[in-house]
Each structure stands twice: as C-alpha cells, then as structure tokens.
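Scroll down for the structure; my scribbles are underneath it.
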Amino acid sequence: MKQKVVAILGPTATGKSACAIELARRLNGEIISGDSMLVFKNMNIGTAKPTAEELALVPHHLVDILPPDAQFSVVDFKQQAEALIEDITARGKLPIIAGGTGLYIKAVLENYSFNEVDEDKDLRLELEREAEAKGPEVLYKRLQELDPEAASIIHPNNVRRVIRALESALKGGHVSQEVSAEPPYDALVFGLNMERDFLYERINKRVDIMLEQGLVQEVKQLLDQGVPTTCQSMQSIGYRQMVWYLEQGMAYEEAVDKLKQATRNFAKRQLTWYRKMPYIKWYEVSRELPYDEIINAMSQEIEKWQNH
C-alpha cells in the first residue's frame, strides 16, 4: 500500500504555512517544508519563515538546517523529503508538505529522476564571460531553447543558476525528467489561490511588514558575517534587492519597489508551474471566506481520504 502524503501549495502570501500548521494540529501531522529558502539559518524575515512559536506548535522538518552560504537543490530536497515521509509515516503521523517551490514538490510527488552532469569548469568560465560581455538575458534565452522546464523555474537574473542549468543542458543532461507514470505516493494535494488584486495587495503588505520587522538589518547582518552576495540564498528575492540598496547605491524606495515587483512576478511564475499539476484541488481564498472554513473543508476531505 502506498504511503499517504498531503501537500499544500499556492503562490507566495496565500497563507499556506498557517493552513498547514492548523491541519497538522488537528490530524496528528508533521510538516515538511517544501520551500527552497526555509532551509537556511538566520534568514527569517525575508523568507517569511514561521515564527519560533509557530514552529513549536507542530514538528517542522527542513527548516533551519543549513548555513546561509550553503547550496540546496531539488535533488537534495527529494532525497530528504522521501526519507522524512518514510519516517513520519512509520511513527503513525501524517506527512504534510507545505510550500511554494513547485519543482521540489512535483519532483517528490511524480518521482522525478535526475541526470545532472558533472561540473565543467572551462565551460562554466566561458559562460560566465559571455554573461559579462553580452548580459545575462542572452544566456537565459539559450536556456529557454535548450531546457524550457529548467528556465521556467529560474529567474533570468539569477546568473549562477542559469549558467549551471545551461552547463547541464549543453552536456546532454536535464534538470529533471519523469520516470514513471505510476506516482509513488497516495497524495492529496491542495492549492490556495486568490484573485490577482487581492493577492498583490497581500504581497505588498507582506513586504511592508518584512521591512518593519527589520529586513534591512537582517541582510546587513548576513553581509557583516561574510555571507557572499553571489551565493544561492543571497540571490533570492528580498535579499538581492536589499543588497542593491546596501552595497550598490540603489535608492531605498527603488529597492522596495523592485522587491514588491519581483515578488508579484514570482507569484505569477508559481501559478504557471502549478498549472502543470492537474491533480491540485484548488481553494479560492477571498476577503469574504475565512481560513477557518477552508481548513474545515480540507480536514473533512483528508479524513474521508484517510478512511478509504
């Protein structure tokens, strides 16, 4: 019999974490974070990491497991999530994956295999020089042609990741490929979505709250600790824009505008990714529909599914 897994997806700022925590409390569950940024320690505000109080309510996994300058890939996530699903199930608990990194969750639920190629330092150097000479968008266009799936989840300005994916594609590898039509888990996958105006309003408000909570100070602290601005975590949304402000002379207001714009664009990219997952059961969050009602409906659906 297949192991049962619940997943809660959705664009950023739709309330996935709060939903997952409440479901885990009601249904004897444990949460596996499916967010590529929550793995990093000392990056709490810019990642909208659940608070210490929230993390203490139910067991959370893959949160605060790596230093900020570490690498973490979909391959790492898949290996660790699979081991966690096994362990949580063996202890009689329900694994609940919560997060917004579509590729990570798709890789687990659809059992992707990976054939990333070995590093090629000469090719990488050549691509880095090309990015400097012609601009990153030239490399991104090449990646879109060679491996559109990889390109769809990488930001065009994230030159390091574009180069790594191009290197893999040029040497005959792909970021991912599906192996079997048969899914490895009996999965119930929920999606939270909201009308665009409401979502963008929430995103803008969330950024304002992050700034009030001290996002600038958080990034300054990381820089003071010697975390390189070129590493994976510092290239992410929120951190990248604050580095532009703190180190590259960008005006604060402009950096904030760019942060809000990048987050809105990210939400759009997430939705594009989720459209490739037809098994998601969507719940529309609105001002009129309280989360309690959505969580009640999800709980009932999970209980029915557990019993069949």
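Values for this structure:
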{"quantity": "Boolean, Arg124 is more than 15 Å from the chain's Cα centre (by Cα) and either in contact (Cβ under 8 Å) with a residue 12 or more places away in the chain or not in a helix (DSSP H, G or I) (or both)", "calculated": "yes"}
{"quantity": "Residue in the range 279-289 that is within 27 Å of Arg161 (Cβ to Cβ) and out of contact with any His (no Cβ under 7 Å at 6 or more places or on another chain) present", "calculated": "yes"}
{"quantity": "Residue count for the range 21-45, restricted to those that are of a type in the set (A, V, I, L, M) and at pLDDT below 95", "calculated": "1"}
{"quantity": "Flag if Arg287 is farther than 19 Å from Arg26 by Cα, open to solvent by 40 Å² or more (accessible area, probe 1.4 Å) and either under 22 Å from the mean Cα position of the chain (by Cα) or among the polar types (S, T, N, Q) (or both)", "calculated": "no"}
{"quantity": "Answer residue from the range 201-241, given it is touching a helix residue (DSSP H, G or I) at 6+ places or on another chain (Cβ under 7 Å) and of a type in the set (Ser, Thr, Tyr) and is most open to solvent (accessible area, probe 1.4 Å) among those", "calculated": "Thr230"}
{"quantity": "Residue that is touching a helix residue (DSSP H, G or I) at 6+ places or on another chain (Cβ under 9 Å), surrounded by fewer than 21 Cβ atoms within 10 Å (Cβ to Cβ), of a type outside the set (Asp, Glu) and not in a helix (DSSP H, G or I), where the choices are Ala131, Ala70", "calculated": "Ala70"}
{"quantity": "Subset of the range 242-284 (residues that are of a type in the set (A, V, I, L, M, F, W, C) and either open to solvent by 80 Å² or more (accessible area, probe 1.4 Å) or farther than 13 Å from Leu9 by Cα (or both))", "calculated": "Met242, Val243, Trp244, Leu246, Met250, Ala251, Ala255, Val256, Leu259, Ala262, Phe266, Trp282"}
{"quantity": "Residues being in contact with a Phe, Trp or Tyr (Cβ under 9 Å, 6 or more places away or on another chain) and not in a helix (DSSP H, G or I) - total across the range 134-157", "calculated": "6"}
{"quantity": "Qualifying residue in the range 34-49 (condition: farther than 24 Å from Gly238 by Cβ and open to solvent by 20 Å² or more (accessible area, probe 1.4 Å))", "calculated": "no"}
{"quantity": "Residue satisfying condition, being out of contact with any Ser or Thr (no Cβ under 9 Å at 6 or more places or on another chain), open to solvent by less than 50 Å² (accessible area, probe 1.4 Å) and acidic (Asp, Glu), within set Glu53, Glu30", "calculated": "Glu30"}
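Residue-wise test of (1) among the polar types (S, T, N, Q); (2) more than 30 Å from Arg275 (Cβ to Cβ); (3) in contact (Cβ under 8 Å) with a residue 60 or more places away in the chain.
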residue	(1), (2), (3)
Asp186	no, no, yes
Arg206	no, no, yes
Gln235	yes, no, yes
Glu247	no, yes, no
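The values are calculated or read from the model by the stated rules, or taken from the named source; none is laboratory data. Just so you know, these numbers come straight off a predicted model, no measurement behind them. Note that each Cβ is placed from the backbone with ideal geometry, even for glycine, and that neighbours are counted across all protein chains shown. Only protein heavy atoms, including side chains, enter the accessible area calculation; ligands, DNA and RNA are left aside. Shrake-Rupley method; radii C 1.70, N 1.55, O 1.52, S 1.80 Å.
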